[in-house]
Each structure stands twice: as structure tokens, then as C-alpha cells.
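Chemist: Got a structure for you, written out below as C-alpha cells; questions coming shortly.
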Amino acid sequence: MVTDNHQLLFAERALLVEGWANDVVFSVDADGCIASLEQGVAAGSAKRLAGPVVPAMANLHSHSFQRAMAGLTDVAGQGDDSFWTWREEMYRLVSLLTPDDAMAIAAKLQVELLKGGFGRVAEFHYLHHGADGRPYDEPAEMSLAILRAAEQSGIGLTMLPVFYAHSDFGGTAPTAGQRRFIHDVDGFLSLLHGLTSSCRSAGARLGLAFHSLRAVTGDEISAVMEAVPEHAPIHIHVAEQEREVAASIAHSGRRPIERLYDIADVDERWCLVHATHVTEAEMAMIAGSGAVVGLCPMTEADLGDGLFPASDFIAGEGRFGIGTDSHVATSVADELRILEYGQRLRDRRRNRMAGRPGASVGRTLFDRAVAGSAQAAGLAGAGLSVGAPADIVVLDGSSPYLASVDGDTILDRWIFGGIGQVVRDVMIGGRWLVEDGRHAKDEEVDHAFAAALQRLKA
Ligand code: NGQ
Ligand code: ZN
């Protein structure tokens, strides 16, 4: 129902910023924001939503092109397969991708993410140049492909162009496989500034990233930081693999996270992606700085990274959010479930991420990830409240698993129940993008994606 350019929506149950509420009418204004929220009221003329309502989650870490290789790197090689042998296979895909491929894969991924309960994606984008390593005539060609994909899918986008200059600590020259990623400081800043207006007109947020301490020197970080716009989110991969920790210590005598805090004034703008190999002192430093740790639990498991001590980190009031990174999974539930399960497998105990007795693990994980992911994506707030964007996920109320429960148990069933496709409808910025499990652009997106995969196979 639409009145005065306002849409009225009714939910029997909704997870608002202040908690679960019953019989809620949301009024969504023409800008796609929640103009008012009334609880304990009759539906009246409002459109009845088909199940419990939760906020859409931001996905804080994506390399969208890697969706094309999901499930294609699980054949044993000659030696000791690792993150680094996987990276060689990933570089092979990098060598083949055109801007059209990148767009088709990103659009498909974004539609899948919407159906998995994500409303926004932070794209950690480092594939900048042509296959020979030379910039395109339009230097932002590859970034623009991501923006176009987001226009097609409708997902919220936080664009993070990545500065990448070297292959290892100490400013080592990049390898041939990395040539599509490389800038000097000036080249990177001109890409960043060039993207400002395209992002603004596409409604995307713009931040930036340093690929890793392997890929940039301390001096380069300092030079880029001088030119970073206020409030821009800043992301970096850090301490994901033990080899990186060893190389960091060999180079500077410091572990990667220590080294990062030596070099930069890390604060709430920062997202430390993975931070897998972290000491207690480093965890306290991260928590104290207000930075978010960007956990990508399915990819971290896939790549054999190791286990982030998440239960200790939240006990110390550390902030985390979730990303799908290489996209071997595309849903909120898969990421949160394996995050908890990793802690259980390590401890041989249950319910590790609940925080306090009596708390639902699903609710604890969901609330903290919603807040941390929004912060890392550069959003001013998180969750459903007056003034916030209407980024709404409607779970399937016709599922007997959900219809029979209430409150936090809805989240536990979704995350831990293994109950199939639970996300039914998704509204982003006041627009319905997924309805009854389908996206309006499914056919064209699938068609272009299939063609890209065929081309990449040939
Ligand atoms: C990436 N991905 O940049 O895509 C990395 C691998 C690297 C993950 N760390 C490459 N999951 O770190 O050098
Ligand atoms: Zn990554």
C-alpha cells in the first residue's frame, strides 16, 4: 500500500534496533528510509509481510570475480595444497577476465548475496588493469564494471579500490601473476579520485583498501593516508596465513597486526580482514582502537587459514563483521554457523559465541555482525530504526520451522537449523529486489553469467 509516496508495511514480528517487536507498521518514505515505526498496531491498509523481518546484513569483504571458481579448486595437486597453491589457480582466472566477465560474475554474485540475506557488499577490488598489466583507456574500467553490476542487482555497494604495489614485505617487485593489480601511489590516488563522482551518481559508498602488508610498504600507507577522505572506510588483509606472520617478523621483527598499528593510526574507520593469527595483546589493541575484524569464516575454512579466537575477542568487547570473500558460500546463515562451529570444534564444547548465560547464539552473532559489518561498510548506523534505510529481509513465515517459534529462536533456526532457503523477500532502500525468492533480473543475470563461465572454460 502506498500513500503520499510512503509505503506501509506490516510485520507480525520484526527485529528492530531495540529488539523484537510484534505487529509493527513500517512507513517507508520516497527516499527509501524508514519514516516511522509503530508497534502493537493493526495492519490496516499496510502490506502484510510474509514472515519475520530482520535487518539486511552488510557483507564486508568480497572479491566478486572469485565466485566463478567456487568448487573448482578442490582436486588435489602434486604437492602440499595450500592457500598459496590456491592463489596460483586464482591468478589463472585473473589472467582471463574481461570487464564484461567481471560484471556478469559480480551481478550473479550480488543477486545470490541478496537471496542469502545481505543487503550491501563491500567490494575489495584489486583487478584493475588489462591482461597485459597496462591500464585500460578508462583506468577505472574494471571498477565501473562492479558499479554496473550493482546497478543491475540493486544491492548496496561500498566500493573499496585496492592499492597493491609489491609481492612481499620490503617492497619486493610484483610477480607476473599480479600485474593486473599494480599502481604507484599517484596512480592509485588518481583512480580513487576518479571514482568519486561515479560512486556518488551510482549511490555507492567509496572507501579504499591496502591489499596487505605484503603488497604495500609503510611509507606507501602513510602517503595514501594523507589523501584519504574523512570517514572513508579503510580495509586491509592482515595475518591470514602463518607464512605472512613469519615474513613480517623476518622483515621488521614485528607481527603483522603489531606492524600495522606501528605504521598507521588504526581507528573505527579500519577493517582488519581475517586477522586470523592474532595474539591476546593484539586482540586488546584491536578492540581498544574500535576497528572491526572482518571474518570470512567459510573462505577461511576453505583455504586452511586457521581459526580466529572469536569467543575470546568478543569477551574483550572486540567488534567483528562478516564477509563472504571468495564466495564458497553466499549466505548470512552459512557464515555465522561456521563461525560458531569453528569455536566449538576447537573447544569441544557448545555455544561459544553467546556472551552470557541464557543468550541465544544466533542472536548474539547476528546483532554483533550487523553492527560490525555496517561500520566496516561505512554506514552511519545499523539495524531497523526510524531514519535508517529500509534494508529489510523477510524470512519465510510459511516454513513450519519458523512458524512454530518466536523471538531469538527464529535466528537460531535460520542459522543453525539447516532448514533450507529461508530468505523470502528483500527490500533495499525501499525497493523490493527479491520477492518470493526471486529477483526481477534473474533470467538476464543467469544468462550473462552462464556465458561468462563458458567463455572462461574455453
Ligand atoms: C585475495 N584472498 O587477494 O584474493 C586473497 C588472496 C593474497 C584471500 N586472502 C591473495 N582470501 O592474499 O595474496
Ligand atoms: Zn580477501
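Chemist: Between rounded, prolate and oblate, where does the range 238-307 land on the alpha carbon gyration tensor, with a ≥ b ≥ c its root eigenvalues, rounded for a/c under 1.5, else prolate if a/b exceeds b/c?
Modeler: Judged from the Cα gyration tensor, the range 238-307 comes out oblate (a/c at least 1.5, b/c at or above a/b).
Chemist: Kindly identify the range 1-59 as rounded, prolate or oblate by the Cα gyration tensor criterion: order the square roots of the eigenvalues as a ≥ b ≥ c, call it rounded if a/c is under 1.5, otherwise compare a/b with b/c, prolate if a/b is larger, else oblate.
Modeler: Here the range 1-59 falls in the oblate category.
Chemist: If you count only protein heavy atoms with a 1.4 Å probe, what accessible area per residue comes out for the chain, rounded to a whole Å²?
Modeler: Per residue, the chain has an accessible area of 41 Å².
Chemist: Near G290, within a Cβ-to-Cβ distance under 13 Å, what is the net charge of the other residues, with Lys and Arg +1 and Asp and Glu -1?
Modeler: -2
Chemist: How far is helix 280-289 tilted off the main Cα axis of the chain, in degrees rounded to 10, range 0 to 90?
Modeler: It is inclined by approximately 60 degrees.
Chemist: While we're looking at this one, here's another question. Listed highest first by mean packing, meaning other Cβ atoms within 10 Å per residue, what order do 130-143, 293-306 come in?
Modeler: Highest to lowest by the protection proxy: 293-306, 130-143.
Chemist: Give me the net charge of R352's neighbourhood, meaning all other residues with Cβ under 9 Å from the Cβ of R352; Lys, Arg count +1, Asp, Glu -1.
Modeler: +2
Chemist: I've got another one for you. Would you mind counting up the charge near V370? Only other residues with Cβ under 13 Å from its Cβ, with Lys and Arg at +1 and Asp and Glu at -1.
Modeler: Charge balance in the 13 Å sphere: +1.
Chemist: Sort 201-211, 400-410 for me by packing, meaning the mean count of neighbouring Cβ atoms within 10 Å per residue, highest on top.
Modeler: So the peptides 201-211, 400-410, ranked by packing, come out 201-211, 400-410.
Chemist: A further question on this structure: Leaving ligands, DNA and RNA out of it, work out the accessible area of F308 with a 1.4 Å probe and give it in Å² to the nearest 10.
Modeler: My reading of the accessible area for F308 is about 10 Å².
Chemist: Taking only DSSP H segments of four or more residues, each worth -39500 (n - 2.57), what value at 222 nm results for the chain once the sum is divided by all its residues, to the nearest 500 deg cm²/dmol?
Modeler: Result for the chain: -11500 deg cm²/dmol, rounded to the nearest 500.
Chemist: Arrange the peptides 35-47, 239-251 so that the one whose residues have, on average, the most other Cβ atoms within 10 Å appears first.
Modeler: 239-251, 35-47
Chemist: When the distances between all Cα atoms of the chain are binned every 10 Å from zero, what whole-number percent does each bin get?
Modeler: For the chain, the binned pair fractions read 4, 21, 32, 26, 13, 3, 0 percent.
Chemist: In percent, what relative contact order does the range 254-382 have, based on Cα pairs under 8 Å that are 6 or more apart in sequence?
Modeler: 24 percent
Chemist: Between 0 and 90 degrees, rounded to the nearest ten: what's the tilt of helix 442-457 against the longest Cα principal axis of the chain?
Modeler: Tilt of helix 442-457: around 20 degrees.
Chemist: A follow-up question, please. Quick one: with all protein chains in place, what share of the accessible area of the chain is carbon or sulfur, to the nearest percent (1.4 Å probe)?
Modeler: 48 percent
Chemist: Another question, then. Are there trypsin sites (Lys or Arg not before Pro) in the range 304-359 that DSSP marks as loop and that have at most 11 other Cβ atoms within 10 Å, and which are they?
Modeler: Here the sparse-neighbourhood loop sites are R348, R349, R350.
Chemist: Run the dipole for the chain about the Cα centre, Lys and Arg Cβ at +1, Asp and Glu Cβ at -1, nothing else charged, and hand back the magnitude in debye, nearest 20.
Modeler: 720 debye
Chemist: Using the Cα gyration tensor of the range 46-155, with a ≥ b ≥ c the square roots of its eigenvalues, what is the shape: rounded (a/c below 1.5), prolate (a/b larger than b/c) or oblate (neither)?
Modeler: oblate
Chemist: Contact order normalised by length for the chain, with contacts defined as Cα pairs under 8 Å and 6 or more residues apart; what percent is it?
Modeler: Taking the mean separation of contacting Cα pairs over the length of the chain, I get 20 percent.
The values are calculated or read from the model by the stated rules, or taken from the named source; none is laboratory data. Just so we're clear, the structure is a prediction, and the values are computed from it rather than from any experiment. Every residue, glycine as well, gets a Cβ built from its backbone with ideal geometry; the counts of neighbours run over all protein chains shown. Note: areas computed on protein heavy atoms with side chains; ligands, DNA, RNA excluded. Shrake-Rupley method; radii C 1.70, N 1.55, O 1.52, S 1.80 Å.
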